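Structure record follows, encoded as structure tokens.
The values are calculated or read from the model by the stated rules, or taken from the named source; none is laboratory data. Every value quoted in this text rests on a predicted model; they were computed, and no experiment measured them. Methodologically, a virtual Cβ is constructed for each residue, glycine included, from the backbone with ideal geometry; neighbour enumeration extends over all protein chains shown. Note: areas computed on protein heavy atoms with side chains; ligands, DNA, RNA excluded. Shrake-Rupley method; radii C 1.70, N 1.55, O 1.52, S 1.80 Å.
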Amino acid sequence: MRYAVLVTGPAGAGKSTFAKSFMTHLAASKRTGHLVNLDPAADPSSFEYEPTIDIRDLISLEDVMSELEYGPNGGIVYCFEYLLQNMDWLEEELGGYEDDYLIIDCPGQIELYTHHPFIPTLVQHLSRMDIRTCATYLIESQFMEDKYKFFSGVLSAMSAMVNLEIPWINVMSKMDLVTLNPEDPSGGARNGLRKKKDIARYLDPDPLLIATTRGDKSDKTNPRFHALNQAIVQLIEDHPLVSFLPLDLTDTDSLEYVISHIDYTMQYGESEEPKEPHDLDEGDFQDLE
């Protein structure tokens, strides 16, 4: 059985850094992992681990922008359209891996997950290839600095979950920016220390953070947005699909906690056959005698 983890989320959320740390953890755990780059705009120098499969070997954003004169967003959409037209290339590239973990680093264009059919179609192809797939969706802890920006992230995560229809884990990355680090002389929390109770309202999104009362003079929100905020509150209360796992890549336990959830979500190893022990009677250990 092969396993694939889609590392998704907006630009700057730490997807590539998480993928690198994921690879390091698999290597330390004696598990076989392969990095798959599906970002046609990725900088080759940004990879600590060389991608085993790279979409840039098929098509790159730079070529699309120079030859077709597309902008960055339109160019990435074209690259994924081209990939779906040449799925035999990806299937051939993936064909040689058995019982392996594929970490698929995806672009940071949100519309690829929420509006376009590219990623859902890719997931269907992976399923037909008998690759068990789940997705992680990362947003960074700085979203907590602006509650409206945070809830836009919550809604985009919800939209992507509904669009892809696969096992899903939302991750709040860069938690070292808002939590105390005893090993840091400055105390860590470069963006200001937050209390556990406050953080909990974001990890398990509390829609009352943006709830407003009509006529409340202490509320500085434009009253024209009152009805919109109430609709968002109602949506999240009616469909509480989104919660986040905290991720601090400076803490090994935090990374292991997230990866253990990914393993559990995909039921990693549950379909594997037990390995037969060596049999002394069959001469398996003759060289040791």
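Calculate, for Glu93 and Tyr70, the FRET efficiency according to 1/(1 + (r/R0)^6) with r their C-beta to C-beta distance and R0 25 Å; round to the nearest 0.05.
FRET efficiency, Glu93 to Tyr70: 0.50.
What does the accessible area per residue of segment 87-160 come to in Å², with a 1.4 Å probe and no ligands, DNA or RNA counted?
38
Cα centroid distance between segment 1-69 and segment 239-269, in Å?
Their Cα centres are 19 Å away from one another.
Sorted by accessible area (1.4 Å probe), largest first, how do Arg31, Arg2, Arg224 line up?
Order by accessible area, largest first: Arg224, Arg31, Arg2.
Assuming R0 = 30 Å, what is the FRET efficiency of Leu58 and Leu241, from their Cβ-Cβ distance, to the nearest 0.05?
For Leu58 and Leu241, the calculated efficiency is 0.35.
Any idea how far apart Gln230 and Gln85 come out in nm if each label point goes 7 Å out from Cα toward Cβ?
According to this spin-label approximation, the distance is 4.9 nm.
So how do Phe18, Phe225 rank on accessible area, 1.4 Å probe, biggest first, that is with the largest at the start?
Ranking Phe18, Phe225 by accessible area, largest first, yields Phe225, Phe18.
Where does the charge balance sit around Gly14 when Lys and Arg score +1, Asp and Glu -1, over other residues with C-beta under 9 Å from its C-beta?
Every neighbour counted, the sum reads +1.
With all protein chains present, calculate the accessible area of Lys20 using a 1.4 Å probe and round the result to the nearest 10 Å².
Its accessible surface works out to 70 Å², give or take rounding.
Per the 1.4 Å probe, what fraction of the accessible area of segment 77-145, in percent, lies on carbon and sulfur atoms?
41
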